[in-house]
Amino acid sequence: MNKGHSINISKRMKIFIRFIDILFASLLLILFSPILLYMWLKRRWQFGKSIELIYIYGKGHHLIGLYQFTGGSFWTKLPQLFNLLEGEITLLGIKNYYSCEEKPKINHKPGLMSFEIINANIGLSFESEKESLTLMHKSIRAYCLALVQALFSYMLFSSIKPHKKQAKNKLTLLGISLKNMTMVKLISTIISKTRSAQKMEQFIFMNADCFNISVHNNQYKNVLKSCQYILGDGIGIRIASIWKGIALKDNLNGSDMFPLLCKQLAQEELPLYLLGGKPGIAEKVAKNMQKQYPKLIIAGTQHGYYHLDKSTNNHNIINAINQSKAKILLVAMGVPTQELWLNKYQSQLKVGVGIGVGGLFDFYSDNIKRAPLWLRQMGMEWVYRLIQEPKRMWKRYIIGNPFFLIRIWKDIRQSQKQKPSPSSIQQSTLTRTKQTFIQLEFNAKKAKVLRSRHLARQKLNKLSKRILDILISTLAIIILSPLLLLIALLIRLESSGPVFYSQQRAGMDNRPFTMWKFRSMYLDANERLKNLTNEMQGGVIFKMKSDPRITKVGKAIRKTSIDELPQLWNVLKGDMSLVGPRPALPTEVEQYNLNHRTRLSVKPGITCIWQVTGRSDIPFEQQVELDTDYIYQQSLLADIWLLIKTIPAVILTRGAY
């Protein structure tokens with residue numbers, strides 16, 4: 001079984017990390033002990049149960065139960081400090097992958113905080129979580145720095161995020177419409193436009209400084225309003241989007257996009273032209289990127305100071321670009337010069353896509369060092385740039401960023417004031433609605449009583465189901481023991497090998513258990529499977545009518561479902577129930593989507609709805625629908641009725657093979 005990519009951690013680092021985890025958990029448990037006690041008593045009184053378990057994948061893909069308070073509140077996850085103390089999770093690890101989801105690709109402890117969540121919050125979801133984890137574990141200093149960074153990021157975004165964010169594909173700031181997309185979507189859109197665009201498609205990156213420039217530069221603002229692809233860049237844009245109640249997907253800028261774009265262009269064999277920067281800079285960028293991506297085609301380069309050379313002009317540059325047959329043109333002339341230049345010569349340029357990239361060439365020519373990833377993950381790249389070039393950048397960041405946020409705040413307030421007041425009819429309707437709402441006042445005591453009754457019914461149903469399982473499985477094992485012994489003898493006489501066949505199956509919450517059956521196949525069945533074709537619609541469960549792996553006795557006991565009788569032992573143990581969705585193989589669960597994983601929310605069973613209505617003749621998707629219907633409608637009477645209906649289904653052998 002694939003356990004995912006492991007992170008190499010020295011023994012010294014493991015001891016240090018464990019010490020920090022224990023120290024952190026102990027201090028917080030002591031600090032929040034009054035709240036823990038209060039929440040425990042409150043939840044016990046409200047729901048009859050204080051703590052519930054949420055199952056996630058731990059290190060090595062073993063399932064672990066995360067403690068949390070029953071019901072939702074700010075303090076719901078506080079008991080997870082006990083998981084931290086026990087060593088099941090760590091302070092900073094991978095994000096939680098729940099048992100109903102696919103297994104994580106990285107074999108590492110889940111964390112209270114994770115780089116994947118940090119990257120998603122700051123708009124760097126395209127950055128590698130594995131790389132950050134590897135760097136973090138290189139030294140104690142690196143780990144401490146990563147921990148401070150993570151705590152800062154979590155506190156920053158918990159303090160500025162709104163109560164409700166909407167996932168929209170567009171965001172309008174100061175009258176300018178921005179595309180809200182992921183970096184992956186941006187790269188695919190650019191590649192698509194290089195193939196389909198009738199004329200050059202212009203892409204523009206906008207940060208807080210760009211918005212400030214557009215306020216005073218009407219020509220630049222007109223270009224922005226005519227451009228279809230404007231993309232948000234920087235912490236200022238992210239804060240503005242949060243204020244507007246919109247979840248910004250990724251931080252989109254030329255510096256992050258460039259290596260990803262070059263990688264894709266190399267694979268697609270699409271040529272790229274670099275225009276801008278000081279003499280020699282574009283050539284150095286081309287050389288560095290071709291060293292990293294040998295198949296990358298650089299159609300040509302040209303510095304941005306060509307106006308100083310009397311023999312070179314815009315007409316010559318455009319001809320050179322067109323003759324190079326480049327599909328993408330990157331222009332690094334600074335804002336707003338590069339956007340105005342691309343817009344002015346849009347009709348003359350025979351490239352698919354033109355993008356203004358600002359100071360990108362300086363970074364990738366090694367002329368200027370870019371802020372490290374850990375600083376970018378904190379949204380503090382602007383601080384690094386300010387330290388690098390204080391004389392040039394202080395106005396942009398110290399004055400410009402606050403001015404931009406003030407403009408956004410004023411714009412939001414203005415738009416709220418300009419909302420049309422309701423008409424007299426609407427006002428009267430609103431008044432009547434308010435009056436009705438007041439009459440239908442929420443009764444908290446009644447709601448608690450109804451909830452208590454519902455929880456009591458659930459507990460009673462679970463208890464009665466378990467009692468039924470124990471009684472029937474015990475009686476069935478005793479009564480059917482002569483038949484079980486006879487079948488065991490017949491199996492042993494026909495083929496050598498064990499009488500019983502055990503297999504790992506996925507139980508409730510995807511917890512593995514050993515399921516027992518009478519052996520109905522030859523011992524080399526798994527080897528023969530490689531040469532067989534699945535006849536089951538949906539491709540998740542393997543079924544075929546004339547399976548050559550099955551013995552003669554096996555064919556008979558499978559037809560009558562006698563091979564399933566040893567599962568009565570699983571029912572008696574509590575791994576299974578008499579009625580429930582059939583237990584799936586771990587390999588089948590790996591192919592499940594989220595809808596399929598609903599089957600894992602209850603104990604698997606020997607029989608269920610689809611077993612009595614068609615069995616293997618029913619396509620997999622319909623099996624899932626029938627299992628889901630049972631899960632939401634299960635009751636003691638429903639179980640008894642399904643057990644009764646199973647008898648004729650087994651006798652008539654409908655859909656069994």
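Would you check if Val223 is surrounded by fewer than 16 Cβ atoms within 10 Å (Cβ to Cβ) and aliphatic (A, V, I, L, M)?
For Val223, the condition - surrounded by fewer than 16 Cβ atoms within 10 Å (Cβ to Cβ) and aliphatic (A, V, I, L, M) - is not met.
Give just the number: which of (1) closer than 13 Å to Gln302 by Cβ; (2) open to solvent by 10 Å² or more (accessible area, probe 1.4 Å) does Leu272 not satisfy?
(2)
Looking at segment 565-581 only, could you name the residues that are surrounded by fewer than 20 Cβ atoms within 10 Å (Cβ to Cβ) and without any contact (Cβ under 8 Å) to a residue 60 or more places away in the chain?
Scanning segment 565-581 gives a single hit, Lys573.
Matching residues to (1) out of contact with any Ser or Thr (no Cβ under 6 Å at 6 or more places or on another chain); (2) at pLDDT 90 or above; (3) open to solvent by less than 50 Å² (accessible area, probe 1.4 Å); (4) more than 29 Å from Ala146 (Cβ to Cβ):
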residue	(1), (2), (3), (4)
Phe363	no, yes, yes, no
Lys391	yes, no, no, yes
Ile406	yes, yes, no, yes
Ile412	yes, no, yes, yes
Gln427	yes, no, no, yes
Thr431	yes, no, no, yes
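Suppose the filter is open to solvent by less than 10 Å² (accessible area, probe 1.4 Å), aliphatic (A, V, I, L, M) and in a helix (DSSP H, G or I); does Leu342 pass it?
Against the criterion (open to solvent by less than 10 Å² (accessible area, probe 1.4 Å), aliphatic (A, V, I, L, M) and in a helix (DSSP H, G or I)), Leu342 qualifies.
Only one residue in Val215, Val184 is more than 16 Å from Ile355 (Cα to Cα), touching a residue at least 12 places away in the same chain (Cβ under 8 Å), part of a helix (DSSP H, G or I) and under 31 Å from the mean Cα position of the chain (by Cα). Which one?
Being more than 16 Å from Ile355 (Cα to Cα), touching a residue at least 12 places away in the same chain (Cβ under 8 Å), part of a helix (DSSP H, G or I) and under 31 Å from the mean Cα position of the chain (by Cα) holds for just one of Val215, Val184, which is Val184.
Could you look through segment 443-458, keep only residues that are touching a residue at least 12 places away in the same chain (Cβ under 8 Å) and open to solvent by 90 Å² or more (accessible area, probe 1.4 Å), and pick out the one that is farthest from Ser635 (Cα to Cα)?
Across segment 443-458, the extreme among qualifying residues is Lys448.
Which residue, of Ala286, Ala282, is in contact (Cβ under 8 Å) with a residue 24 or more places away in the chain, over 30 Å from Leu171 (Cα atoms) and part of a helix (DSSP H, G or I)?
On inspection, the qualifying residue turns out to be Ala282.
Which ones in segment 481-526 are of a type in the set (S, T, N, Q) and either closer than 23 Å to Gly60 by Cα or in contact (Cβ under 8 Å) with a residue 12 or more places away in the chain (or both)?
The answer is Ser495, Ser496, Ser502, Gln503, Gln504, Asn510, Thr514, Ser520.
In the list Ala371, Ala326, Ala299, which residue meets the criterion of being open to solvent by less than 40 Å² (accessible area, probe 1.4 Å) and within 18 Å of Asp256 (Cα to Cα)?
Values: Ala326 fails: within 18 Å of Asp256 (Cα to Cα); Ala299 fails: within 18 Å of Asp256 (Cα to Cα).
Criteria check complete, one pass: Ala371.
Regarding segment 309-321, can at least one residue be identified that is in contact (Cβ under 8 Å) with a residue 60 or more places away in the chain and buried (at least 20 other Cβ atoms within 10 Å of the Cβ)?
Scanning segment 309-321 turns up no residue that is in contact (Cβ under 8 Å) with a residue 60 or more places away in the chain and buried (at least 20 other Cβ atoms within 10 Å of the Cβ).
Six or more apart or on different chains, Cβ atoms under 6 Å: show the pairs whose first residue is in segment 460-471 and farther than 15 Å from Pro604 by Cβ and whose second is assigned to a helix (DSSP H, G or I).
Pairs that qualify, where the first residue is farther than 15 Å from Pro604 by Cβ and the partner is assigned to a helix (DSSP H, G or I), are Ser464/Leu636.
How many residues are farther than 12 Å from Arg466 by Cα, open to solvent by 40 Å² or more (accessible area, probe 1.4 Å) and not in a helix (DSSP H, G or I) when one looks only at segment 586-605?
Result for segment 586-605: 5.
Mind checking whether some residue in segment 219-231 is assigned to a loop (DSSP other than H, G, I, E, B) and touching a helix residue (DSSP H, G or I) at 6+ places or on another chain (Cβ under 7 Å)?
Residues of segment 219-231 that are assigned to a loop (DSSP other than H, G, I, E, B), as a first pass: 227-228.
So of that shortlist, the ones also touching a helix residue (DSSP H, G or I) at 6+ places or on another chain (Cβ under 7 Å) come out as none.
No - not one qualifying residue is present in segment 219-231.
Which residues, taken from segment 2-21, are of a type outside the set (Ser, Thr, Tyr), open to solvent by less than 80 Å² (accessible area, probe 1.4 Å) and either at pLDDT below 90 or under 23 Å from Arg451 (Cβ atoms) (or both)?
Lys3, Gly4, Ile7, Ile9 - these are the residues of segment 2-21 that are of a type outside the set (Ser, Thr, Tyr), open to solvent by less than 80 Å² (accessible area, probe 1.4 Å) and either at pLDDT below 90 or under 23 Å from Arg451 (Cβ atoms) (or both).
Name the pairs: first residue in segment 56-75 and over 16 Å from Gly93 (Cα atoms) and in contact (Cβ under 8 Å) with a residue 24 or more places away in the chain, second residue loosely packed, with under 15 Cβ neighbours inside 10 Å and β-branched (Val, Ile, Thr), Cβ to Cβ under 7 Å, at least 6 apart or on different chains?
Every condition considered, the pairs that remain are Trp75/Ile35.
Sort out which residues of segment 93-116 are under 12 Å from Glu129 (Cα atoms) and charged (D, E, K, R), and write them in order of number.
Answer for segment 93-116, where residues must be under 12 Å from Glu129 (Cα atoms) and charged (D, E, K, R): Lys95, Lys105, Glu116.
Here's a check for you: in segment 606-656, which residue that is open to solvent by 50 Å² or more (accessible area, probe 1.4 Å) and outside any helix (DSSP H, G or I) is modelled with the lowest pLDDT?
Selected residue: Arg654.
Here are the criteria: (1) open to solvent by 70 Å² or more (accessible area, probe 1.4 Å); (2) within 35 Å of the chain's Cα centre (by Cα); (3) among the hydroxyl-bearing types (Ser, Thr, Tyr). Tell me which single one Tyr305 does not satisfy.
Only one criterion is unmet by Tyr305, namely (2).
Considering only segment 187-212, state which residues are open to solvent by 20 Å² or more (accessible area, probe 1.4 Å), farther than 30 Å from Lys410 by Cα and outside any helix (DSSP H, G or I).
Ala197, Gln198, Lys199, Glu201, listed by residue number.
Sort out which residues of segment 304-325 are assigned to a loop (DSSP other than H, G, I, E, B) and at pLDDT 90 or above, and write them in order of number. Lay out the reasoning, then the answer.
Within segment 304-325, the first condition is being assigned to a loop (DSSP other than H, G, I, E, B), and the residues that meet it are 304-305, 309-313, 324-325.
Ser324, Lys325, listed by residue number.
The values are calculated or read from the model by the stated rules, or taken from the named source; none is laboratory data. Here the structure is a predicted model, which means the values were calculated and not measured. Note that we place each Cβ from the backbone using ideal geometry, even for glycine, and neighbour counts take in every protein chain shown. Areas reflect the complete protein model, heavy atoms only, side chains present, ligands, DNA and RNA absent. Shrake-Rupley method; radii C 1.70, N 1.55, O 1.52, S 1.80 Å.
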